[in-house]
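Engineer: Attaching a single structure in structure tokens format; questions to follow.
The values are calculated or read from the model by the stated rules, or taken from the named source; none is laboratory data. Predicted model, so just to flag it, every value in this text is computed and none were measured. Neighbour counts are summed over all protein chains in view; Cβ atoms, including those assigned to glycine, are modelled from backbone coordinates with ideal geometry. Quick note on the areas: whole protein, heavy atoms, side chains included, nothing else; ligands and nucleic acids left out. Shrake-Rupley method; radii C 1.70, N 1.55, O 1.52, S 1.80 Å.
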Amino acid sequence: MPWSNQGGGPWGSGGKGPWGSGPQSSGPSPDLEDLLRRSQDKLKSVLPGNLGGKGFALILLAALAIWCFSGFFRVEPDELGVVLRFGKYVRDAKPGLNYHLPYPIESALTPKVTRVNRLDVGMRLVEDSRRGTTQREVAEESLMLTGDENIVDVNFSVFWLIKSDGVSEYLFNIQNPEGTVKAVAESAMREVVGRSQIEPILTGARQTIEGGVQALMQSTLDHYGSGIQVTQVQLQKVDPPAQVIDSFRDVQAARADAERAQNEAETYANRVVPEARGRVAQITQAAEAYREQTVAEATGQTARFLKVHDEYKKAPDVTRQRMYLETMERLFSGTDKIILDIGVGNGAGVVPYLSLDELRRQQQQQQQPPPPPAGGNR
């Protein structure tokens, strides 16, 4: 029997195709029509039909006013505003109420410029539920090599803030401010420690190291154009490594004993040397006085001899007799003898006299024992 479409064909009755479905209608489905109808009803409820175009205009004006008022922003006293126009720096905004063109034309950033930030290098603060906040050392940051090839464990803190005139540099020249400050601080500390000896680092050079690290950090950050001001570098702990700290302490104690002995020796020298110099000066002055006295006496004797010589030339016999008598007077002035010239014609009228009482007195004085020395044994 020839094929006929009256019974629906070989795939059964109705207008079905080979995949079990008949021809599809091109109009919207009932679900989509229902959704569109509900949406139109909601829109009509929001916009009453009596407003028409005026309603759209009022809504547009309200939205525009809200958009314009969104440009007001407030800058706190510890902040500084930076206005960006399409992401580019335009100007700074002082503390108080300010305005910028609404987003997305302009936007504002308000970093805190007076807040001092602290960064620890070589240690970390760890929160412990049992012991509270504790410090944990980071060996890869704290162990450093000194100029005399010794290892030292250094923990320090860096305090920094944003420059009042470098906010734009701080926001746009560096991507990670805290990481930059940490890298610069660790590099500067390693450079300063590497130029120093371990003894001054462990004893009295803390302020020198802190000042050197701060100056080097500030120079590097200014070269980067970071807009960051380093206010202080503070050393927290400077010790040898834990494995050799006992030996280092023994060495430090020995050096302290040596310094004490040296100070005592210098004190003794400071006391003895001035005394010796005083004695030297005294002896020198005495010698100079003796020299001047001797020279003066010699000069006087020379002058006297010249005068005598002049007189001798004038009257030799008289001068010779006078010199003889003066010499004899000087020689026998301390004796108890009287010498008389009793030659012929010289002793006339002279009566010899012997004082026996005076002789006995002199003999008794010679026979008496000398008195004992003062303070001696009796």
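Engineer: What does the highest-first list of 275-286, 191-202 look like by mean Cβ count within 10 Å? Please list the in-between numbers first.
Structural biologist: Working: 275-286: 9.8, 191-202: 17.2.
Averaged packing, sorted descending, gives the order 191-202, 275-286.
Engineer: At a 1.4 Å probe, what is the % contribution of carbon and sulfur to the accessible area of region 197-305? Mind dumping the intermediate values first?
Structural biologist: Numbers: 4030 of 7620 Å².
The computed percentage sits at 53.
Engineer: Tell me the carbon and sulfur percent of the accessible area for region 142-191, rounded to whole percent, probe radius 1.4 Å. Numbers along the way, then the final one.
Structural biologist: Working: 980 of 2240 Å².
After summing per-atom areas, the C and S share lands at 44 percent.
Engineer: How do the peptides 85-91, 60-66 rank, highest first, by the average count of neighbouring beta carbon atoms within 10 Å per residue? Display every interim value, and only then the final one.
Structural biologist: Details: 85-91: 12.0, 60-66: 10.1.
Peptide ranking by packing, descending: 85-91, 60-66.
Engineer: Same structure, new question: I want to check the label-to-label distance for Leu161 and Arg190. Put each point 7 Å from Cα in the C-beta direction and report it in nm to one decimal.
Structural biologist: Computed distance between label sites Leu161 and Arg190 equals 3.1 nm.
Engineer: Roughly what would the spin-label model give for Glu329 and Ala303, points 7 Å off Cα along C-beta, in nm?
Structural biologist: For Glu329 paired with Ala303, the spin-label model returns 2.1 nm.
Engineer: Which FRET efficiency value, to the nearest 0.05, is calculated for Asp34 and Val90 with the Förster distance at 45 angstrom and r the Cβ-Cβ distance? Don't jump to the answer; show the numbers that get you there.
Structural biologist: Values: r = 52 Å, r/R0 = 1.16.
Given R0 = 45 Å and the Cβ-Cβ separation, E is 0.30.
Engineer: Projecting each Cα onto the charge dipole of region 185-342 (Lys/Arg +1, Asp/Glu -1 at the beta carbon, about the Cα centre), which of Tyr312, Gln218, Thr267 comes out farthest on the positive side?
Structural biologist: Comparing the listed Cα positions along the dipole, Tyr312 ranks first.
Engineer: Turning to a different aspect of this structure: Keeping every protein chain in place, order Leu306, Leu221 by accessible area at 1.4 Å, biggest value first, i.e. largest first.
Structural biologist: Values: Leu306 95, Leu221 0 Å².
Highest to lowest solvent-accessible surface, that is Leu306, Leu221.
Engineer: Once R0 is set to 25 Å, what does the formula 1/(1 + (r/R0)^6) return for the Cβ-Cβ distance between Asp257 and Gln207, expressed as a FRET efficiency to the nearest 0.05?
Structural biologist: Details: r = 25 Å, r/R0 = 1.02.
Computed FRET efficiency for Asp257 and Gln207: 0.45.
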